[in-house]
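Structure first, commentary second.
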Ligand SMILES: [Zn+2]
Ligand SMILES: [Zn+2]
């Protein structure tokens, strides 16, 4: 279903959790900040898989929004992360799919005061991390880097993508 806004049509990318209770969309032409393949133990545990795929966008500029099932989203705040940055992990409380991640320090979206943050801090707080496996069509974007490569499972070969391999040791 196309979304029309005053004559111009924006291409949307959509995704959902496994049971499709939670659905979201964002602008298909949004610039990603980065697209991580993350091999860290936190991402292994949270995904139940060998690594995670998450794409970082500006939530505002990408026009990311939950279009259905926001009530069904649970949130677990992970404070003791390998990167040192606290992370909110949002998941469907019906099927358990990890749908997105965010910054738990993000101010209320209706707070226009700036909350005492510098523009750089506000930019960081505005980021949303889309769990890329939940995209309906996961080939729109391609990973831009692999991180925590030192934790890559020994039987797992490199992705073959010509992208930076960070945290090798
Ligand atoms: Zn679900
Ligand atoms: Zn990770």
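Read-outs throughout are calculated quantities, based only on the coordinates presented, and are distinct from any laboratory measurement. On a predicted model such as this, the values are computed, not experimentally measured, just so you know. Positions of Cβ are backbone-derived with ideal geometry, glycine not excepted, and every protein chain shown enters the neighbour counts.
Treat the count of other C-beta atoms within 10 Å as a stand-in for reagent exposure and order 94, 150, 12 from fewest to most. Kindly include the intermediate steps, with their values, before the conclusion.
Numbers: 94 15, 150 12, 12 18.
Going from sparsest to densest Cβ surroundings: 150, 94, 12.
Kirkwood Rh, Cα Rg: Rg to Rh for the range 11-151?
Working: Rg = 14.6 Å, Rh = 15.5 Å.
Across the range 11-151, the Cα-based Rg/Rh ratio is 0.94.
Per residue Cα convex hull volume for the range 4-56, in cubic angstrom? Could the numbers behind the result be given before it?
On the way: hull volume 5.1 nm³, N = 53.
Spread over its residues, the Cα hull of the range 4-56 gives 97 Å³ apiece.
Pairs of C-alpha atoms in the range 45-108 farther apart than 19 Å represent 36 percent of all such pairs.
Annotation: the residues 40, 95, sorted from fewest to most other C-beta atoms within 10 Å of their own C-beta, follow the order 95, 40.
Listed by Cβ neighbour count within 10 Å, with the fewest neighbours leading, 125, 53 appear as 125, 53.
For Cα pairs less than 8 Å apart in space and 6+ apart in sequence, what is the mean separation divided by the residue count of the chain, i.e. the relative contact order in percent? Write down the numbers at each step before the final one.
Working: 318 pairs, mean separation 43.7, N = 169.
Rounded, it is 26 percent for the chain.
Measuring nothing but alpha carbons in the range 80-169 and taking Rh as the Kirkwood radius, the Rg to Rh ratio lands at 1.02. Computed on the range 55-94, with alpha-carbon pairs under 8 angstrom and 6+ residues apart, the relative contact order is 34 percent. Within the listed set 119, 104, 86, the Gaussian network model of the chain (springs between alpha-carbon atoms below 10 Å) gives the highest mean-square fluctuation for 119. The calculated FRET efficiency for the pair residue 156 and residue 93, based on their C-beta separation and a Förster distance of 35 Å, comes to about 0.70.
Let me have the 222 nm mean residue ellipticity of the chain computed from DSSP H runs of 4+ only, each contributing -39500 (n - 2.57), with the sum over all residues rounded to the nearest 500.
Details: 2 runs with 14 residues, N = 169.
Helix-only estimate at 222 nm: -2000 deg cm²/dmol.
With the simple spin-label model, which puts each label point 7 Å out from Cα in the Cβ direction, the residue 121 to residue 75 separation comes to 1.9 nm.
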